Amino acid sequence: MTDISAEMKSEAMEMHAHSPGAVLRSLVIGLTAFLTVVDLFATQAILPSLTRHYNVTPAAMGFAVNASTMGMAVAGLVVGFFSQHIDRRLGILLSLALLAIPTTLLAVAPNLTVFTILRIAQGLCMASAFALTLAYLGEQCSAMDAGGAFAAYITGNVASNLIGRLVAAAVVDTLGLASNFYFFALLNLAGAVLVYFTIHRVRPMYSMPMLQSPFAAMIGHWRNPSLRAAFGIGFCILFAFIGTFTFVNFVLVRPPLSVGRMELGFVYLVFLPSIVTTLLAGRAVARFGTRPAIWGALAVAAIGLPLMLSSHLAEVLAGMVLVGIGTFFAQAAATGFVGRAATENRGVASGTYLACYFFGGLVGSAVLGQLFDRLGWTVCLAGVGASLAVAARLTARLRA
(Lines give C-alpha, C1' and ligand atoms only; values in the text may rest on other atoms or scores of the structure.)
Protein backbone atom coordinates (compact mmCIF):
# COMPACT_ATOMS: atom_id res chain seq x y z
CA MET A 1 0.00 0.00 0.00
CA THR A 2 2.83 2.35 0.85
CA ASP A 3 4.56 1.61 -2.46
CA ILE A 4 1.37 2.32 -4.39
CA SER A 5 0.87 5.57 -2.52
CA ALA A 6 4.47 6.65 -3.14
CA GLU A 7 4.17 5.78 -6.81
CA MET A 8 0.94 7.80 -7.17
CA LYS A 9 2.60 10.75 -5.43
CA SER A 10 5.62 10.49 -7.72
CA GLU A 11 3.42 10.42 -10.81
CA ALA A 12 1.44 13.41 -9.57
CA MET A 13 4.63 15.38 -8.97
CA GLU A 14 5.94 14.49 -12.43
CA MET A 15 2.68 15.58 -14.10
CA HIS A 16 2.75 18.80 -12.09
CA ALA A 17 6.36 19.46 -13.08
CA HIS A 18 5.52 19.13 -16.77
CA SER A 19 2.33 21.22 -16.68
CA PRO A 20 2.38 24.44 -18.75
CA GLY A 21 2.13 26.56 -15.60
CA ALA A 22 5.06 24.82 -13.97
CA VAL A 23 7.19 25.16 -17.11
CA LEU A 24 6.40 28.88 -17.37
CA ARG A 25 7.17 29.38 -13.69
CA SER A 26 10.51 27.59 -14.10
CA LEU A 27 11.37 29.80 -17.08
CA VAL A 28 10.58 32.95 -15.10
CA ILE A 29 12.62 31.77 -12.11
CA GLY A 30 15.56 30.82 -14.34
CA LEU A 31 15.42 34.14 -16.18
CA THR A 32 15.31 36.05 -12.89
CA ALA A 33 18.41 34.18 -11.72
CA PHE A 34 20.14 34.89 -15.02
CA LEU A 35 19.44 38.63 -14.87
CA THR A 36 20.49 38.77 -11.20
CA VAL A 37 24.09 37.57 -11.61
CA VAL A 38 24.79 38.07 -15.32
CA ASP A 39 27.19 40.92 -14.44
CA LEU A 40 29.27 38.79 -12.08
CA PHE A 41 31.42 36.88 -14.54
CA ALA A 42 30.58 38.51 -17.89
CA THR A 43 33.56 40.86 -17.59
CA GLN A 44 35.95 37.90 -17.44
CA ALA A 45 35.46 37.39 -21.17
CA ILE A 46 36.75 40.93 -21.84
CA LEU A 47 39.62 40.93 -19.34
CA PRO A 48 42.34 41.32 -22.00
CA SER A 49 40.52 44.36 -23.43
CA LEU A 50 40.10 45.90 -19.97
CA THR A 51 43.76 45.25 -19.15
CA ARG A 52 44.84 47.16 -22.28
CA HIS A 53 42.31 49.93 -21.64
CA TYR A 54 43.58 50.63 -18.10
CA ASN A 55 47.18 49.69 -18.93
CA VAL A 56 47.60 47.43 -15.88
CA THR A 57 48.83 43.90 -15.19
CA PRO A 58 46.56 40.84 -15.50
CA ALA A 59 46.70 40.38 -11.71
CA ALA A 60 45.58 43.97 -11.04
CA MET A 61 42.75 43.78 -13.58
CA GLY A 62 41.71 40.34 -12.38
CA PHE A 63 41.44 41.58 -8.80
CA ALA A 64 39.44 44.65 -9.87
CA VAL A 65 36.98 42.62 -11.92
CA ASN A 66 36.51 40.06 -9.16
CA ALA A 67 36.15 42.73 -6.46
CA SER A 68 32.41 42.21 -6.94
CA THR A 69 32.83 39.08 -4.82
CA MET A 70 33.80 41.32 -1.87
CA GLY A 71 30.47 43.10 -2.14
CA MET A 72 28.68 39.78 -2.52
CA ALA A 73 30.37 38.37 0.59
CA VAL A 74 29.31 41.38 2.69
CA ALA A 75 25.77 41.47 1.31
CA GLY A 76 25.30 37.73 1.70
CA LEU A 77 26.18 37.97 5.38
CA VAL A 78 24.08 41.07 6.06
CA VAL A 79 21.00 39.70 4.28
CA GLY A 80 21.42 36.41 6.12
CA PHE A 81 21.46 38.29 9.43
CA PHE A 82 18.46 40.52 8.77
CA SER A 83 16.44 38.62 6.14
CA GLN A 84 13.52 38.11 8.55
CA HIS A 85 12.96 41.86 8.59
CA ILE A 86 13.32 42.51 4.83
CA ASP A 87 10.34 42.50 2.48
CA ARG A 88 11.32 39.97 -0.17
CA ARG A 89 9.67 41.53 -3.22
CA LEU A 90 10.72 45.09 -2.44
CA GLY A 91 14.26 44.01 -1.57
CA ILE A 92 14.74 42.07 -4.82
CA LEU A 93 13.18 44.84 -6.89
CA LEU A 94 15.34 47.60 -5.37
CA SER A 95 18.51 45.51 -5.56
CA LEU A 96 18.12 44.89 -9.30
CA ALA A 97 17.08 48.47 -10.05
CA LEU A 98 20.01 49.91 -8.09
CA LEU A 99 22.37 47.45 -9.76
CA ALA A 100 21.95 49.37 -13.01
CA ILE A 101 23.64 52.45 -11.48
CA PRO A 102 27.16 51.08 -10.86
CA THR A 103 26.89 49.05 -14.07
CA THR A 104 26.26 52.24 -16.06
CA LEU A 105 29.05 54.13 -14.29
CA LEU A 106 31.57 51.40 -15.17
CA ALA A 107 31.37 52.66 -18.75
CA VAL A 108 33.01 55.93 -17.70
CA ALA A 109 35.21 54.77 -14.80
CA PRO A 110 38.34 56.97 -15.12
CA ASN A 111 40.78 54.63 -13.39
CA LEU A 112 41.16 51.19 -11.87
CA THR A 113 40.35 52.35 -8.33
CA VAL A 114 36.94 53.71 -9.34
CA PHE A 115 36.35 50.59 -11.47
CA THR A 116 37.06 48.39 -8.42
CA ILE A 117 34.70 50.37 -6.15
CA LEU A 118 31.91 50.13 -8.73
CA ARG A 119 32.43 46.36 -9.00
CA ILE A 120 32.09 46.08 -5.21
CA ALA A 121 28.82 48.07 -5.43
CA GLN A 122 27.59 45.67 -8.12
CA GLY A 123 28.37 42.76 -5.83
CA LEU A 124 26.37 44.28 -2.97
CA CYS A 125 23.31 44.60 -5.20
CA MET A 126 23.65 41.20 -6.87
CA ALA A 127 24.09 39.25 -3.64
CA SER A 128 21.16 41.04 -1.98
CA ALA A 129 18.85 40.06 -4.83
CA PHE A 130 20.35 36.55 -4.95
CA ALA A 131 19.91 35.82 -1.23
CA LEU A 132 16.43 37.34 -1.02
CA THR A 133 15.24 35.38 -4.06
CA LEU A 134 16.44 32.12 -2.50
CA ALA A 135 14.62 33.05 0.72
CA TYR A 136 11.48 33.93 -1.26
CA LEU A 137 11.50 30.61 -3.12
CA GLY A 138 11.98 28.67 0.09
CA GLU A 139 9.04 30.43 1.75
CA GLN A 140 6.57 30.70 -1.11
CA CYS A 141 7.00 27.38 -2.93
CA SER A 142 5.16 24.30 -1.75
CA ALA A 143 7.15 21.15 -1.06
CA MET A 144 6.12 19.86 -4.48
CA ASP A 145 7.31 23.01 -6.26
CA ALA A 146 10.47 23.71 -4.27
CA GLY A 147 12.76 21.19 -5.98
CA GLY A 148 11.91 22.44 -9.46
CA ALA A 149 12.11 26.08 -8.38
CA PHE A 150 15.60 25.77 -6.91
CA ALA A 151 16.76 23.67 -9.88
CA ALA A 152 15.52 26.37 -12.25
CA TYR A 153 17.26 29.07 -10.22
CA ILE A 154 20.58 27.17 -10.17
CA THR A 155 20.31 26.55 -13.91
CA GLY A 156 19.73 30.26 -14.54
CA ASN A 157 22.84 31.10 -12.56
CA VAL A 158 24.98 28.60 -14.46
CA ALA A 159 23.56 29.87 -17.76
CA SER A 160 24.54 33.42 -16.83
CA ASN A 161 28.18 32.29 -16.69
CA LEU A 162 27.95 31.15 -20.29
CA ILE A 163 25.63 33.66 -21.95
CA GLY A 164 26.96 36.67 -20.05
CA ARG A 165 30.46 36.01 -21.35
CA LEU A 166 29.21 35.45 -24.90
CA VAL A 167 27.22 38.67 -24.87
CA ALA A 168 30.04 40.73 -23.35
CA ALA A 169 32.54 39.51 -25.93
CA ALA A 170 30.13 40.19 -28.80
CA VAL A 171 29.18 43.70 -27.63
CA VAL A 172 32.77 44.77 -26.97
CA ASP A 173 33.89 43.38 -30.32
CA THR A 174 31.20 45.28 -32.24
CA LEU A 175 30.43 48.39 -30.16
CA GLY A 176 33.32 48.86 -27.71
CA LEU A 177 33.87 48.67 -23.96
CA ALA A 178 31.54 51.48 -22.87
CA SER A 179 28.59 50.08 -24.83
CA ASN A 180 29.04 46.76 -23.08
CA PHE A 181 28.33 48.26 -19.65
CA TYR A 182 25.37 50.28 -20.95
CA PHE A 183 23.92 47.08 -22.41
CA PHE A 184 24.30 45.19 -19.15
CA ALA A 185 22.68 48.07 -17.25
CA LEU A 186 19.64 47.56 -19.48
CA LEU A 187 19.66 43.87 -18.54
CA ASN A 188 19.67 44.86 -14.86
CA LEU A 189 16.61 47.04 -15.40
CA ALA A 190 14.96 44.22 -17.34
CA GLY A 191 15.45 42.02 -14.28
CA ALA A 192 13.75 44.62 -12.08
CA VAL A 193 10.82 44.85 -14.52
CA LEU A 194 10.50 41.05 -14.57
CA VAL A 195 10.39 40.92 -10.77
CA TYR A 196 7.83 43.75 -10.67
CA PHE A 197 5.40 41.82 -12.86
CA THR A 198 6.05 38.26 -11.67
CA ILE A 199 6.49 38.68 -7.91
CA HIS A 200 3.32 40.71 -7.56
CA ARG A 201 1.23 39.42 -4.71
CA VAL A 202 3.13 37.75 -1.92
CA ARG A 203 1.36 35.77 0.75
CA PRO A 204 2.10 37.01 4.27
CA MET A 205 5.27 35.35 5.53
CA TYR A 206 5.42 33.73 8.93
CA SER A 207 8.80 34.13 10.59
CA MET A 208 9.85 32.21 13.66
CA PRO A 209 11.27 34.54 16.29
CA MET A 210 15.01 34.07 16.74
CA LEU A 211 15.93 32.94 20.23
CA GLN A 212 19.41 34.46 19.86
CA SER A 213 21.02 37.34 18.02
CA PRO A 214 22.20 36.76 14.43
CA PHE A 215 25.80 37.17 15.57
CA ALA A 216 25.36 34.55 18.29
CA ALA A 217 23.70 32.27 15.74
CA MET A 218 26.67 32.68 13.39
CA ILE A 219 29.12 31.83 16.19
CA GLY A 220 27.03 28.75 16.92
CA HIS A 221 27.26 27.65 13.28
CA TRP A 222 31.04 28.14 13.29
CA ARG A 223 31.26 25.87 16.33
CA ASN A 224 29.58 23.08 14.35
CA PRO A 225 32.49 21.10 12.78
CA SER A 226 30.42 20.02 9.76
CA LEU A 227 29.20 23.52 8.98
CA ARG A 228 32.67 24.94 9.54
CA ALA A 229 34.02 22.45 7.01
CA ALA A 230 31.24 23.33 4.55
CA PHE A 231 32.08 27.03 4.83
CA GLY A 232 35.71 26.18 4.07
CA ILE A 233 34.68 24.07 1.07
CA GLY A 234 32.70 26.99 -0.32
CA PHE A 235 35.74 29.25 0.08
CA CYS A 236 37.97 26.75 -1.77
CA ILE A 237 35.48 26.14 -4.60
CA LEU A 238 35.24 29.77 -5.73
CA PHE A 239 38.96 30.27 -5.03
CA ALA A 240 39.62 27.53 -7.61
CA PHE A 241 36.91 28.65 -10.04
CA ILE A 242 38.00 32.30 -10.07
CA GLY A 243 41.66 31.38 -10.41
CA THR A 244 40.94 29.16 -13.39
CA PHE A 245 38.45 31.19 -15.37
CA THR A 246 39.96 34.62 -14.73
CA PHE A 247 43.52 33.98 -15.82
CA VAL A 248 42.87 31.40 -18.53
CA ASN A 249 41.62 34.35 -20.61
CA PHE A 250 45.16 35.71 -20.85
CA VAL A 251 46.50 32.28 -21.79
CA LEU A 252 43.92 31.90 -24.53
CA VAL A 253 44.74 35.20 -26.27
CA ARG A 254 48.52 34.66 -26.19
CA PRO A 255 50.53 32.41 -28.53
CA PRO A 256 50.37 29.53 -29.23
CA LEU A 257 46.57 29.55 -28.77
CA SER A 258 46.02 33.15 -30.02
CA VAL A 259 42.23 33.15 -29.66
CA GLY A 260 40.57 36.29 -31.07
CA ARG A 261 38.44 38.67 -29.01
CA MET A 262 35.11 37.47 -30.42
CA GLU A 263 36.18 33.83 -30.36
CA LEU A 264 37.07 34.25 -26.68
CA GLY A 265 33.36 34.62 -25.89
CA PHE A 266 32.48 31.42 -27.73
CA VAL A 267 35.14 29.58 -25.73
CA TYR A 268 32.76 29.79 -22.77
CA LEU A 269 30.40 27.32 -24.38
CA VAL A 270 32.47 25.08 -22.11
CA PHE A 271 29.88 25.88 -19.42
CA LEU A 272 27.08 24.26 -21.43
CA PRO A 273 27.58 20.77 -19.95
CA SER A 274 27.56 22.26 -16.45
CA ILE A 275 23.98 23.45 -16.95
CA VAL A 276 22.93 19.80 -17.24
CA THR A 277 25.26 18.20 -14.70
CA THR A 278 24.54 20.72 -11.93
CA LEU A 279 20.89 19.66 -11.97
CA LEU A 280 22.00 16.11 -11.14
CA ALA A 281 23.79 17.09 -7.93
CA GLY A 282 20.72 16.53 -5.75
CA ARG A 283 20.19 13.03 -7.14
CA ALA A 284 23.86 12.17 -6.71
CA VAL A 285 23.82 13.27 -3.08
CA ALA A 286 20.63 11.28 -2.42
CA ARG A 287 22.10 8.15 -3.98
CA PHE A 288 25.76 8.24 -2.94
CA GLY A 289 25.87 10.72 -0.06
CA THR A 290 27.29 14.23 0.25
CA ARG A 291 30.93 13.32 0.73
CA PRO A 292 31.27 10.92 -2.25
CA ALA A 293 29.39 13.41 -4.45
CA ILE A 294 31.71 16.30 -3.56
CA TRP A 295 34.84 14.12 -3.77
CA GLY A 296 33.81 12.94 -7.23
CA ALA A 297 33.15 16.52 -8.37
CA LEU A 298 36.49 17.75 -7.05
CA ALA A 299 38.27 14.84 -8.78
CA VAL A 300 36.65 15.77 -12.10
CA ALA A 301 37.84 19.37 -11.68
CA ALA A 302 41.36 18.21 -10.77
CA ILE A 303 41.59 16.02 -13.88
CA GLY A 304 40.91 19.11 -15.99
CA LEU A 305 43.85 21.13 -14.64
CA PRO A 306 46.76 19.41 -16.47
CA LEU A 307 44.80 19.54 -19.73
CA MET A 308 44.81 23.33 -19.49
CA LEU A 309 48.60 23.37 -19.79
CA SER A 310 48.40 22.05 -23.34
CA SER A 311 49.35 24.09 -26.40
CA HIS A 312 46.33 22.63 -28.24
CA LEU A 313 43.05 24.52 -27.92
CA ALA A 314 40.87 21.40 -27.88
CA GLU A 315 42.67 20.02 -24.83
CA VAL A 316 42.51 23.35 -23.01
CA LEU A 317 38.77 23.55 -23.70
CA ALA A 318 38.29 19.99 -22.43
CA GLY A 319 40.09 20.96 -19.23
CA MET A 320 37.84 24.01 -18.83
CA VAL A 321 34.77 21.81 -19.27
CA LEU A 322 35.91 19.47 -16.51
CA VAL A 323 36.79 22.28 -14.09
CA GLY A 324 33.40 23.92 -14.74
CA ILE A 325 31.46 20.68 -14.23
CA GLY A 326 33.38 19.79 -11.07
CA THR A 327 33.21 23.16 -9.32
CA PHE A 328 29.54 23.84 -10.12
CA PHE A 329 28.57 20.32 -9.03
CA ALA A 330 30.54 20.59 -5.78
CA GLN A 331 28.99 24.01 -5.10
CA ALA A 332 25.45 22.65 -5.53
CA ALA A 333 26.17 19.70 -3.22
CA ALA A 334 27.80 21.88 -0.56
CA THR A 335 24.97 24.42 -0.63
CA GLY A 336 22.42 21.66 -0.12
CA PHE A 337 24.44 20.27 2.77
CA VAL A 338 24.42 23.61 4.61
CA GLY A 339 20.63 23.74 4.35
CA ARG A 340 20.34 20.28 5.88
CA ALA A 341 23.07 20.58 8.52
CA ALA A 342 21.80 23.88 9.94
CA THR A 343 18.86 22.75 12.06
CA GLU A 344 18.02 26.32 13.09
CA ASN A 345 18.76 29.88 11.92
CA ARG A 346 19.23 28.61 8.37
CA GLY A 347 19.20 32.13 6.95
CA VAL A 348 22.28 32.98 8.99
CA ALA A 349 23.94 29.69 7.99
CA SER A 350 23.27 30.30 4.28
CA GLY A 351 24.46 33.89 4.54
CA THR A 352 27.66 32.77 6.26
CA TYR A 353 28.26 30.14 3.59
CA LEU A 354 27.73 32.67 0.80
CA ALA A 355 30.08 35.13 2.51
CA CYS A 356 32.81 32.48 2.73
CA TYR A 357 32.15 31.38 -0.85
CA PHE A 358 32.48 34.85 -2.34
CA PHE A 359 35.37 35.81 -0.06
CA GLY A 360 37.17 32.76 -1.45
CA GLY A 361 36.72 34.22 -4.93
CA LEU A 362 38.25 37.52 -3.86
CA VAL A 363 41.24 35.85 -2.21
CA GLY A 364 41.64 33.55 -5.19
CA SER A 365 41.83 36.44 -7.63
CA ALA A 366 44.45 38.19 -5.46
CA VAL A 367 46.67 35.22 -4.61
CA LEU A 368 46.47 33.37 -7.90
CA GLY A 369 46.83 36.64 -9.81
CA GLN A 370 50.19 37.21 -8.18
CA LEU A 371 51.24 33.64 -8.94
CA PHE A 372 50.20 34.12 -12.57
CA ASP A 373 52.05 37.43 -12.97
CA ARG A 374 55.23 36.39 -11.19
CA LEU A 375 55.55 32.65 -11.81
CA GLY A 376 53.28 31.83 -14.74
CA TRP A 377 50.25 29.76 -15.64
CA THR A 378 51.63 26.41 -14.46
CA VAL A 379 52.17 27.65 -10.90
CA CYS A 380 48.78 29.39 -10.96
CA LEU A 381 47.11 26.07 -11.79
CA ALA A 382 49.13 24.39 -9.05
CA GLY A 383 47.53 26.87 -6.64
CA VAL A 384 44.11 25.91 -8.01
CA GLY A 385 44.95 22.25 -7.45
CA ALA A 386 46.01 22.95 -3.87
CA SER A 387 42.66 24.63 -3.22
CA LEU A 388 40.79 21.57 -4.56
CA ALA A 389 42.92 19.33 -2.34
CA VAL A 390 42.06 21.39 0.74
CA ALA A 391 38.36 21.18 -0.19
CA ALA A 392 38.65 17.39 -0.49
CA ARG A 393 40.27 17.22 2.95
CA LEU A 394 37.51 19.35 4.46
CA THR A 395 34.85 17.17 2.82
CA ALA A 396 35.97 14.28 5.07
CA ARG A 397 34.68 16.30 8.04
CA LEU A 398 31.11 16.60 6.76
CA ARG A 399 28.53 14.78 8.82
CA ALA A 400 24.88 14.91 7.75
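A few remarks follow.
- Criterion: outside any helix (DSSP H, G or I) and in the same structural domain as Val253 (by TED's automatic domain parsing) - qualifying residue of Thr327, Thr335, Thr343: Thr343
- Matching residues, the stretch 371-396, being over 23 Å from Ala286 (Cα atoms), among the small types (Gly, Ala, Ser) and either in the same structural domain as Thr57 (by TED's automatic domain parsing) or crowded, with 18+ Cβ neighbours inside 10 Å (or both): Gly383, Ser387
- Residues considered: Asn55, Asn66. Of these, the only one that is of a type outside the set (Val, Ile, Thr) and without any contact (Cβ under 8 Å) to a residue 24 or more places away in the chain is Asn55.
- Residue tally, condition surrounded by 15 or more Cβ atoms within 10 Å (Cβ to Cβ) and either touching a strand residue (DSSP E or B) at 6+ places or on another chain (Cβ under 8 Å) or not in a helix (DSSP H, G or I) (or both), over the stretch 257-294: 3
- Only one of the numbered conditions (1) touching a residue at least 60 places away in the same chain (Cβ under 8 Å); (2) in contact with a Phe, Trp or Tyr (Cβ under 9 Å, 6 or more places away or on another chain) is violated by Ala341, and that is (2).
- For Ser310: the one exception among (1) surrounded by fewer than 24 Cβ atoms within 10 Å (Cβ to Cβ); (2) in a helix (DSSP H, G or I): (2)
- Looking across Cys356, Cys380, one residue alone is within 14 Å of the chain's Cα centre (by Cα) and touching a residue at least 12 places away in the same chain (Cβ under 8 Å). It is Cys356.
- Matching entry among Arg340, Arg399 (being within 30 Å of Pro214 (Cβ to Cβ) and over 22 Å from the mean Cα position of the chain (by Cα)): Arg399
- In the stretch 362-400, residue modelled with the lowest pLDDT [restricted to those that are farther than 30 Å from Leu124 by Cβ and of a type in the set (D, E, K, R)]: Arg399
- For Cys356: the one exception among (1) surrounded by 20 or more Cβ atoms within 10 Å (Cβ to Cβ); (2) at pLDDT below 90; (3) under 19 Å from Arg223 (Cβ atoms): (2)
- Odd one out for Leu368 among (1) surrounded by 16 or more Cβ atoms within 10 Å (Cβ to Cβ); (2) more than 20 Å from Thr51 (Cβ to Cβ): (2)
- Every condition in (1) free of Cβ contacts under 8 Å to residues at least 12 places away in the same chain; (2) among the hydrophobic types (A, V, I, L, M, F, W, C); (3) more than 22 Å from Leu307 (Cβ to Cβ) holds for Ala386 except the one numbered (3).
- Condition check for Leu307: in the same structural domain as Val253 (by TED's automatic domain parsing), of a type outside the set (Ser, Thr, Tyr) and touching an Asp or Glu at 6+ places or on another chain (Cβ under 8 Å): yes
- Selection count, the stretch 347-400, where residues are over 25 Å from Leu227 (Cα atoms) and not in a helix (DSSP H, G or I): 1
- Condition check for Val321 on (1) β-branched (Val, Ile, Thr); (2) surrounded by fewer than 23 Cβ atoms within 10 Å (Cβ to Cβ); (3) more than 24 Å from Thr378 (Cα to Cα); (4) within 20 Å of the chain's Cα centre (by Cα): one failure, at (3).
- Only residues that are farther than 19 Å from Gly80 by Cα, modelled with pLDDT of 80 or more and charged (D, E, K, R) were counted in the stretch 206-265, giving 2.
- Within the stretch 143-178, the set of residues being among the aliphatic types (A, V, I, L, M) and at pLDDT below 75 comprises Ala143, Met144, Ala146, Ala149, Ala151, Ala152, Ile154.
- Qualifying residue in the stretch 51-65 (condition: assigned to a helix (DSSP H, G or I), surrounded by fewer than 23 Cβ atoms within 10 Å (Cβ to Cβ), among the aliphatic types (A, V, I, L, M) and at pLDDT below 90): no
- Residue in the stretch 32-40 that is modelled with pLDDT under 90, among the small types (Gly, Ala, Ser) and crowded, with 24+ Cβ neighbours inside 10 Å present: yes
The values are calculated or read from the model by the stated rules, or taken from the named source; none is laboratory data. Bear in mind that the values here come from a model prediction, so they are computed numbers and not experimental data. All Cβ positions, even for glycine, are placed from backbone atoms using ideal geometry, and neighbour counts span all protein chains on display.
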